[in-house]
1. Being open to solvent by less than 20 Å² (accessible area, probe 1.4 Å) and of a type in the set (Lys, Arg) is true for just one of Arg241, Arg246, Arg194, Arg202. Which residue is that?
2. Could you list all residues from region 117-155 that are loosely packed, with under 13 Cβ neighbours inside 10 Å and closer than 18 Å to Val94 by Cα?
3. Which of the residues spanning region 31-45 are in a loop (DSSP other than H, G, I, E, B), over 10 Å from Glu203 (Cβ atoms), open to solvent by 20 Å² or more (accessible area, probe 1.4 Å) and modelled with pLDDT of 65 or more?
4. Output the number of the condition that Arg161 fails; it satisfies all remaining conditions of (1) closer than 20 Å to Gly33 by Cα; (2) open to solvent by less than 10 Å² (accessible area, probe 1.4 Å).
5. Search region 46-73 for residues being closer than 25 Å to Phe271 by Cα and part of a loop (DSSP other than H, G, I, E, B), and hand back the single one that is modelled with the highest pLDDT.
6. Conditions: (1) at negative phi; (2) without any contact (Cβ under 8 Å) to a residue 40 or more places away in the chain. Gly250 meets all but one. Number of the miss?
7. Test Arg101 against the criterion of being open to solvent by 40 Å² or more (accessible area, probe 1.4 Å), of a type outside the set (A, V, I, L, M, F, W, C) and at pLDDT 90 or above, and give yes or no.
8. Note down all Cβ pairs under 7 Å where the first residue falls in region 257-275 and is more than 20 Å from Ile247 (Cα to Cα) and open to solvent by 20 Å² or more (accessible area, probe 1.4 Å), the second is in a strand (DSSP E or B) and β-branched (Val, Ile, Thr), and they're at least six residues apart or on different chains.
Amino acid sequence: MSDATQTALRCGYVAIVGRPNVGKSTLLNHLLGQKISITSRKPQTTRNQVLGIKTEDDCQIIFVDTPGLHQAEARAINRYMNRAASSAIRDVDVIVMVVDRTAWTDEDEWVLQRVRQAALPTLLVVNKVDLLENKQLLLPHLQALAEKMPEAAIVPLSALRGQNLDALEGEIRQRLPQSTHFFPEDQITDRSQRFLAAEMVREKIMRQLGDELPYAVAVEIEEFRQEGAILNISALILVERDGQKRILIGEGGSRLRSIGTDARRDMERLFDSKVMLRLWVKVKSGWSDDERALRSLGYDDR
């Protein structure tokens, strides 16, 4: 093997797809070793495509975290999320389809049909295997998946526990095309700091109020300014009804303060700076079913 072959650079896009809530964002964060994609127990937490870039030695993997593909398209935001996920499948070099333990639902089947149509190298990740109470169920399930997807390599792992991620990365690297790297080696995402700040606030709302306000919330950053040692961030939280605003603020502002404290802690870690965070809540009815409102909030089909 010549030196040229040994040092051939590899680079490519890898879409992480699956139905909602199978652990796609958790997988991305643990592969990167840094949190750039927000997570909660609620399905459809991820709304936008988020790129996570991992450069090691001669290999650059550009992960595309996508919203969960789901069959119901009740509102404009659901249609937007499906478009974002579907376009990612068309524009990548490798697809990683994530499923949850031994479950296989109609939506998994629906996602599989889309993955098949793309006709790209595919890996099937069986996530959360650490949570399987009866480990003996795993082997027959993996065999059934191998029959269903003979063209895919199957990798059982636990994203949250970091188990078997090296095996997944090894499989991805083998399938990447030879190419120069597209991003500087120290860049970890294509998203702006403002976007990441808005997502941090939205994550804390989803985690604290996921049942009361599952999808009725959007966050807009109105100020993002470094002043000496302090990063000043002002975020506007949009809800659709007055009742939702009351829930979000909480008694005497207690809920909003708690959300702000949690978000600020994550921001200080991510931006490596002291953060002064101010939150406001405003009612804007119908934003989640209004294409124009969605575009103004950054849901832009890029």
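The values are calculated or read from the model by the stated rules, or taken from the named source; none is laboratory data. Source: prediction; values computed, not measured. Ideal geometry is used to build each Cβ from the backbone, glycine not excepted, and the neighbour counts take in all protein chains shown. All accessible areas refer to the heavy atoms of the entire protein, side chains included, with ligands and DNA or RNA removed. Shrake-Rupley method; radii C 1.70, N 1.55, O 1.52, S 1.80 Å.
1. Arg202 is the lone residue from the list that is open to solvent by less than 20 Å² (accessible area, probe 1.4 Å) and of a type in the set (Lys, Arg).
2. Those that are loosely packed, with under 13 Cβ neighbours inside 10 Å and closer than 18 Å to Val94 by Cα: Gln117, Ala119, Pro150, Glu151.
3. Once the filter is applied, which keeps residues that are in a loop (DSSP other than H, G, I, E, B), over 10 Å from Glu203 (Cβ atoms), open to solvent by 20 Å² or more (accessible area, probe 1.4 Å) and modelled with pLDDT of 65 or more, region 31-45 yields Gly33, Gln34.
4. (2)
5. It comes out as Thr66.
6. Only one criterion in (1) at negative phi; (2) without any contact (Cβ under 8 Å) to a residue 40 or more places away in the chain is unmet by Gly250, namely (1).
7. Details: open to solvent by 40 Å² or more (accessible area, probe 1.4 Å): yes; of a type outside the set (A, V, I, L, M, F, W, C): yes; at pLDDT 90 or above: yes.
For Arg101, the condition - open to solvent by 40 Å² or more (accessible area, probe 1.4 Å), of a type outside the set (A, V, I, L, M, F, W, C) and at pLDDT 90 or above - is met.
8. Arg264/Val275; Glu268/Val275; Lys274/Ile230
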